[in-house]
Every structure is written in structure tokens, then in C-alpha cells.
Amino acid sequence: MFFFIKKSEDGLWLKCSACNEITYKKQLVANSYVCAKCGNYFRIGGKEYLNLLCDDGSFIEYFSDIKPTDPLNFYDVKKYSKKLKEAQKKTGTTDAFTCGLCTIDGVNACIGALNFAFMGGSMGSVVGEKITMLVEKAIKEKLPVVIVSASGGARMQEGILSLMQMAKTAGVLAKLAREKLPFISVLTNPTTGGVSASFAFLGDIIMSEPRALIGFAGPRVIEQTIRQKLPDGFQKAEFLLEKGQIDMIVERAELKSKVAEVFNILKGGKS
Amino acid sequence: MSELSPEFEKPLLKIEKKIKGLEVNPIKNEKEITALREKLSKTRRKIFTNLSPFQRVQLARHPLRPLFSDYLAGMFTNFIELHGDRLFADDAAIIGGLAEFNGIRCAVIGQEKGKTTAEKLKRNFGMPQPEGYRKALRIMKLAEKFSLPLFTFIDTPGAYPGIGAEERGQARAIAVNLEEMMQLQIPVIAVVIGEGGSGGALALGVSNHMMMLANSVYSVISPEGCASILFRDASKAEEAAKVLKLTAQDLLKLGVIDEIVSEPMGGAHLNPPKQFEILSKSLAAALEAINKKRNYSEHRYKKFRQMGEFKT
């Protein structure tokens, strides 16, 4: 199931993709981008998640000067360099990860969020580097870390270099753990592939939004491999909770307070 | 040679068949045989000095290519296999245990694809389940506890994408291996002997010294997967292999691996004993070099820390 925002002509009204209900944008934002009528979660970007989690005006962006290149001179039906430009234009960001420092219900923290709208939230060199730098910043400032994931996995267009970001981010998180600083990983729809198989599943606490698709392999790949239909609800957050793979499912509107609550108990950093 | 050999090897197969036919009467056909042998080696040289990336993929998956079990038998002594992850099962897609290498006590772990059909099924074609990665990690930690260097052999199409694998946390299993391997306080040497299939390969690949056999490949996604997802055309695998930059030569240039291990002319399958000898020398040299490092885990992390390309 895909959730997306359909903009009306003036951009003030948004249509729910599940029930077609039309909601005033301000109202939707106030409701944490959840359809008031049917409870459908609108797919939102990294910046919206930062708005949801950070105290008003507390977010200071870091490492925004790290920009992608095209190390392999990659092309498929389109050149990677062109795809990058299109994604940058569409999202207004240089790559798929936005991060910085903020307070969450008063708790100082390092925060970052992937943006699915930027090439499927895929992790290439920039995403890997920014996550690493964010965690290094957390170590230096003795702060807890929270990262919101929404990603199809490693960015194929940067080939093996994307794969190596998995090891790099896992490695820096090992350093964070040694400093006894907490890392909360928030999984949203979808979190799969090289992102789930690296930093996203290394949280001290792993929380997920309801109904988010979470897994290693995508459902299509699994269906093609085993040649059978997947059971209903397979790889959904509720399924992962039942199988013991995540700590909790948290409603979008509760994410901020839950993150702060956990940080307040784990402490570890500056408060 | 095998009937399943890739297309580009077929001219060699033809010549070999001819030679075999003539060898019925070697004295009478001596001249012709000599000429054909020369032609064979010339043709082989010509083919193998101009391999395309996709041909390397085919060699990496060659039906006669030596598998991990061959390297284990050919390069290690006193192997003691260890089974199971102590949690769920013993995954036959990964073989691991204790052994000696050149008289040095060590741990060795690798993916095994299997040779016969029955064995391939038992080994799940070298595609590990989460319990395979957890078994591997258990052996790594054991090696660390007893200060044994660790050798890993990578040969997998990828981690298995199945229902059970997802239920038991394939993503988490791989992620934990990455984090834990990075911290091992022992020398870790990894070699891709065939296919390095994405995260499923990397989960054994966080090493101080990373090498690839000259005709092995290591990639974020298979060329077939890339073709069907990005090119939206499954028949574009050859082109995908080219753009993905997945050969040992590419990875060395990208700073992802430390060494290319040469293969006998015509590929590892033409002369496995020779291949074991070449690789043994590389492993020994790598181990000697790493032994001199003061902090194995920090050395490893620093290598990975600088991987990636971006601009500021």
C-alpha cells in the first residue's frame, strides 16, 4: 500500500489516497499527516519528520554542504547525474538525508531523517557520510541520536560505494555504543534493503510507525524467489513486532513524546 | 570444460574436443595435436585478456569454479567444523570452524554453494539465512576470544530472500555482523572467490585486508536485478554489469578492496591447485602485514570510514 499526498491546485487541500477524503492542509499537519477520517498515514518527507520530532525552532541543520557526485558515471534509462538533479529540484535538498541538532521535548539530541521522495530514500555516499558525521558529532557532544528511516535500501547508482556505507554506518554506531550514548531508530514506510540491514536495525531501541513495510528483501523479490504469494500483513510493522524484531509500534502523533521518554530514561548524554 | 560453460568459452571447448579426438592416436597425430594445443592457448589468452564485465560475472558463477569447500581442503589443515547458531538452526550455506593455515592456528568461515544438485539444495545455493550469519558471528567471537586470526571466503548470490529469513530478522542479522566484525580485536582477512552478492557478502566482508580473485565480482546488486529494476528490462544484464563497476579491477580503483589475486590463465577452474597456491601466498603476506598493526579494529574502521565519494 502506498501513501502519497495529492496536491490540489492551490496546494491548500490534500486528498487522502486511501479514502479520498479531502483535508485542509493545516488541519492535516496538526493531525501529524494522518487522515482524520480513515487513519491513513500520508507519506511524508524527512523534513516533515524533523518538524514532527524537533521542538519548534530548535533544529539546526548540519552537514548540508555534503553533496552527491556520480562516481561510476552511472546510467540506466537515464543518467544518474540527471536523476540527481531532478530529485534535488523536486525535494529542494541535495540528497536523501537531512540532519542536525535539536531538542525533543527539551532533550538535546542529534537527529536525522531520510526522505523517500529523494530517489527512494536510498543510501549512497552522501547519506552514509552524513549519518557517520552525525554520529561522530553525537559522540563529540555526548548526545543521543535518533534517525528516522524511509528507504528502499542502498543506492544502486553508486554501486559498491553504497554497499560500503552499510559497514561505515554500522562501524560508527559501534563507537557510539562504546560511549554509552543511546540510538533510537525509527522505521517508517518503507524501510528495506541496505538501510534495514545496517544502521536502521542497530538501534538500542527500534520503533516503527503502524503498518510500515519493513524487511531485508522487498516483497516482490521474495515472491519471485519462492514463487508463492506472501501472507497478508507479511513484513508489516505489526508482523515484525510479533516476530520479535522491533521494540514497539508508535503512532506518528506519539513519536516525539515516545523518543523523549526513552531518552529521559536511558540518559547517557547531556540533558 | 563443461556443457554448462559460458558461451565465450565454447571456442576453447571445441578445440579441446578436437585434441581429445586426435589423442586416440597420439603418435600419428602428434604434429596436429601440438598445433592445436598452441592454438588453444593462444585463443584462451586472447579471450581472457579481453574479458567484459559480464563475462567475469559468468566466470565468477562458472559451474566448474572452485568453491569454498575446495579452498578449505586445498589451503587449510586440521579443519574442525563448528555447527549452529545456538539459537535456531545450522545453516549449511555457511561453513565455518577452526583450522590451521601454514601451521598458524586460525578460524575460517565462508559461503558454500554446493556442487551436486543435492548439495546445492542442502546449501541453498550459498544463500545464507539469518542463522548462517549468526553462526558466522559466533565463530568470529570465538576466534577473538582465543586470539585467532580470521579468514573469510565470500561466494554468494546474496542473503536468502525468503519468508523464514524475514521472520527471523535477516536485516538485523546482517547489520549486527557489520557492527561486530568492525570491532573484532583480531586480524580479519576476506577474499571474494566467486560472487560477492551485496549485503549477504558484506556480512562476512568487514576486514583489514579485502581481496578479490581476478575473475570474481562484488556488487550492491546482481546485474540481473539491476537490469530489471533500473533498466526495466531483464535482458540488459550485460549492460548493467558494465555500469555497476563490479569487477575486481573496478573495486581496486574505487578503493574498496586492497588486492587483486591473480588467477591461472583461463580462470581458477582450469588449475585449482595453482589457484590455492597463489591465494595462499597472498593470505600469508596479508596476515604478516596486518599482524604488525597495533589496533586491528581501528585499522579496519579507518579503511571503511573513508569509503564513498562526495563533494563539499
Query - Listing of segment B:208-230 residues, each with accessible area lower by at least 30 Å² in the full protein assembly than in the chain alone (probe 1.4 Å) - result: B:V220, B:L230
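Relative to the present Cα-Cα distance, how much length would full extension add between B:S262 and B:K141 at 0.36 nm per residue of separation?
On the way: separation 121, 0.36 × 121 = 43.56 nm, distance 3.09 nm.
That pair, B:S262 and B:K141, stretches by 40.5 nm at full extension.
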Query raised in the report: Label points 7 Å out from Cα along the Cβ direction at B:K31 and B:F88: separation in nm?
Result: 6.8
Query raised in the report: In Å, what is the Rg of the alpha-carbon atoms in segment A:68-216, and how long is Dmax?
Result: 14.8, 47
Query raised in the report: If the chain between B:N50 and B:L22 were fully stretched, how many nm would it gain, using 0.36 nm times the residue separation less the Cα-Cα distance?
Result: 7.1 nm
Query - Taking N as its residue count, the alpha carbon Rg of chain B over 2.2 N^0.38 Å - result: 1.05
Requested in this report: Given a cut-off of 28 Å, name the pairs among A:K83/A:K243; B:K145/B:K302; A:K140/B:K245 whose C-alpha atoms lie farther apart than that in the structure shown.
Outcome: A:K83/A:K243; A:K140/B:K245
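Please compute, for peptide A:171-178, the average count of beta-carbon atoms on other protein chains lying within 10 Å of each residue's beta-carbon. Don't skip to the answer; put the middle values down first.
Values: counts 13, 5, 4, 8, 4, 0, 2, 1.
That works out to 5 on average.
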**Report entry** Calculated Rg and Dmax of the protein assembly as shown using C-alpha coordinates, Å
**Finding:** 25.4, 94
Query - Point-to-point label distance, B:A289-A:K180, nm (Cα→Cβ direction, 7 Å offset) - result: 3.9
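Which value results for Rg/Rh of chain A when Rg is the Cα radius of gyration and Rh the Kirkwood radius based on the inverse mean 1/r? Before the final figure, lay out each step's value.
Working: Rg = 18.1 Å, Rh = 19.0 Å.
That ratio is 0.95, to two decimals.
Leaving ligands, DNA and RNA out of it, report the carbon-plus-sulfur percent of the accessible area of segment A:133-246 at a 1.4 Å probe. The partial results should precede the final answer.
On the way: 1770 of 3550 Å².
Heavy-atom surface of segment A:133-246 belonging to carbon and sulfur, 1.4 Å probe: 50 percent.
Am I reading the B/A interface right? What is its buried accessible area, both sides, 1.4 Å probe, to the nearest 100 Å²? List each step's numbers first, then the result.
Working: alone 15830 and 13450 Å², together 24530 Å².
Its buried surface, counting both partners, is about 4700 Å².
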**Report entry** Order by protection proxy (mean Cβ within 10 Å, highest first), peptides A:117-124, B:155-162
**Finding:** A:117-124, B:155-162
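FRET efficiency for B:Q185 and A:E136, Cβ-Cβ distance as r, R0 = 22 Å, nearest 0.05?
Values: r = 22 Å, r/R0 = 0.98.
Efficiency, rounded to the nearest 0.05: 0.55.
Compute the FRET efficiency between A:D65 and B:K253 as 1/(1 + (r/R0)^6), taking r as their Cβ-Cβ distance and R0 = 25 Å, and round to the nearest 0.05. Before the final figure, lay out the partial values.
Numbers: r = 26 Å, r/R0 = 1.05.
So the FRET efficiency works out to roughly 0.40.
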Requested in this report: Could you pull out every whole DSSP H run in chain A that spans at least 18 Å of Cα extent along its own axis and averages 0.5 or higher on the Kyte-Doolittle scale?
Outcome: A:159-178
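Go ahead and run the numbers for FRET between A:S257 and A:C19, Cβ-Cβ distance against an R0 of 45 Å, rounding to 0.05. Working shown, then result.
Numbers: r = 27 Å, r/R0 = 0.60.
The calculated FRET efficiency here is 0.95.
Longest segment of chain A with no trypsin sites (Lys or Arg not before Pro) in a DSSP loop having at most 13 other Cβ atoms within 10 Å?
Details: sites that count: A:K37, A:K78, A:K142, A:K180, A:R227, A:K229, A:K243, A:K267, A:K270.
No qualifying site falls inside A:79-141, the longest such stretch.
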Query raised in the report: In whole Å, what three semi-axes, largest first, describe the equivalent ellipsoid of segment B:27-132 built from its Cα gyration tensor (square root of 5 times each eigenvalue)?
Result: 38, 18, 13
**Report entry** From the C-alpha gyration tensor of segment B:132-244, square roots of 5λ in Å
**Finding:** 28, 18, 9
Query raised in the report: Round to a whole number: what % of the accessible area of segment B:26-126 belongs to carbon and sulfur, probe 1.4 Å?
Result: 55
Report task. Can you grab the distance from the C-alpha centre of segment B:31-65 to the C-alpha centre of segment B:263-312, Å, no decimals? Result -> 26
Query - Projected label distance in nm at B:S41 and A:K89, using a 7 Å step from Cα toward the beta-carbon - result: 5.9
Requested in this report: At 1.4 Å probe size, with no ligands or nucleic acids counted, give the accessible surface of A:E254 in Å², nearest ten.
Outcome: 90
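Just the accessible area per residue of the protein assembly as shown, please: how many Å² with a 1.4 Å probe?
Details: 24530 Å² over 583 residues.
The answer is 42 Å² per residue.
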Report summary line: Accessible-area loss of at least 30 Å² in the complex relative to the chain alone (1.4 Å probe) applies, within segment B:290-312, to B:Y301, B:F304, B:R305, B:M307, B:G308, B:E309, B:F310, B:K311, B:T312
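Could you tell me the relative contact order of chain A? Use alpha-carbon pairs under 8 Å, at least six residues apart, and round to a whole percent.
On the way: 542 pairs, mean separation 40.2, N = 271.
Normalised by residue count, the contact order of chain A is 15 percent.
Which of the pairs A:K137/B:K303; A:K180/B:K135; A:K175/B:K293; B:K17/B:K42; A:K90/A:K168; A:K67/A:K256 have their Cα atoms more than 22 Å apart in this structure? All intermediate terms of the calculation are to be shown ahead of the outcome.
On the way: A:K137/B:K303 20 Å; A:K180/B:K135 27 Å; A:K175/B:K293 20 Å; B:K17/B:K42 16 Å; A:K90/A:K168 28 Å; A:K67/A:K256 29 Å.
From A:K137/B:K303; A:K180/B:K135; A:K175/B:K293; B:K17/B:K42; A:K90/A:K168; A:K67/A:K256, over 22 Å: A:K180/B:K135; A:K90/A:K168; A:K67/A:K256.
The values are calculated or read from the model by the stated rules, or taken from the named source; none is laboratory data. Only a predicted model underlies this, so the values are computations on that prediction, with no experimental measurement involved. Neighbour counts are summed over all protein chains in view; Cβ atoms, including those assigned to glycine, are modelled from backbone coordinates with ideal geometry. Surface accessibility is based on the protein's heavy atoms, side chains included, excluding ligands, DNA and RNA. Shrake-Rupley method; radii C 1.70, N 1.55, O 1.52, S 1.80 Å.
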